[in-house]
1. Cut-off 10 angstrom, C-alpha nodes, Gaussian network model of the chain. Which of HIS102, HIS93, HIS199 fluctuates the most?
2. Where does region 18-71 land on Rg(C-alpha)/(2.2 N^0.38 Å)?
3. Where the only charges are on Cβ atoms (+1 Lys, Arg; -1 Asp, Glu), what is the dipole of the chain about its Cα centre, to the nearest 20 debye?
4. Say R0 is 25 Å: what FRET efficiency, to the nearest 0.05, do THR212 and LEU169 get from their beta-carbon distance?
5. So what is the relative contact order of region 18-71, in percent, for Cα pairs below 8 Å that sit 6 or more residues apart?
6. Could you work out how far apart the two model spin labels at ARG94 and ARG45 are, taking each label as a point 7 Å from the Cα in the direction of the beta carbon, and quote it in nm?
7. Counting every Cα pair in region 76-222, what percent are over 21 Å apart?
8. For region 84-224, what's the relative contact order in percent, using C-alpha pairs closer than 8 Å and at least 6 residues apart?
Amino acid sequence: MTVWDRPEPSARPVPLDRERIVAAAVALADEGGLEAVSLRKVAARLNAGPMRLYGYIATKEELLDLLVDEVQAEILPEQQPGDWREALHVLAHRTRQAALRHEWLADLLGGRPTLGPNGLAVTEAKLAALDGLADVDTALRAVETVSAYVTGAIRREIANLRAERATGLSKRDWQRASGPHVTRTLATGRFPALAKAVHEGTDVDAEASFATGLDWVLDAVAARLSPPPA
């Protein structure tokens, strides 16, 4: 039985429910990352004994599942776009925006599908966008491919943000500090393709890079779409 199937116990003596528990856990995660989240710390935030929480959530893994599902509500648009490409585009960008608001989400993306109502609704929206445009297996592979790109791009962006905070160096500061080493290394002639990229490539911000990569992935999906046989 999943956490969503299990009924909630009585709220007495301290008023509790899963909604309050998850809200407290999200706040802790936003403040200090996933390492700041535990049933004991959530209970302390709610002024409740830790054992009270076990009536609502049996394990930390269940709590993390609930955290992900809570944030996935932010990914769903109010209205599903009619065009498949726009639908997947919107969901991808809203996933990135949610991860930038809740950086810990990057650590939990890409695992087993979450079975909460919001997670299922996100998956439904992705598959519904391709309904009638391809057979089921093609639609599944298309959704997996787009999701893999989105997850990888988000994790890379969040890793860079964390590195900036850990070192105190912005991307441009890091580039300046690393410049002499890179210049000496490229001058050896051992990395001609990399040298060309460094000297001739256009530096773009994370949002533009994400958007361009997503467009290329969606172009690849479009090439594979064809209505299933009647």
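1. Of HIS102, HIS93, HIS199, the most mobile in the Gaussian network model is HIS199.
2. Values: Rg = 9.7 Å, N = 54, 2.2 N^0.38 = 10.0 Å.
Relative to the rule-of-thumb radius for its length, region 18-71 sits at 0.96.
3. The calculation lands at about 980 debye.
4. Working: r = 25 Å, r/R0 = 1.01.
Step by step, r from the Cβ atoms, then E = 0.50.
5. On the way: 39 pairs, mean separation 20.3, N = 54.
Averaging sequence separation for qualifying contacts and normalising by length gives 38 percent for region 18-71.
6. Inter-label distance under the simple model: 2.4 nm.
7. The answer is 55 percent, as a whole percent.
8. Normalised by residue count, the contact order of region 84-224 is 30 percent.
No value in this document is a laboratory result; all are computed from the given coordinates. Bear in mind that the values here come from a model prediction, so they are computed numbers and not experimental data. Cβ sites come from the backbone with ideal geometry, for glycine too, and all protein chains shown count toward neighbours.
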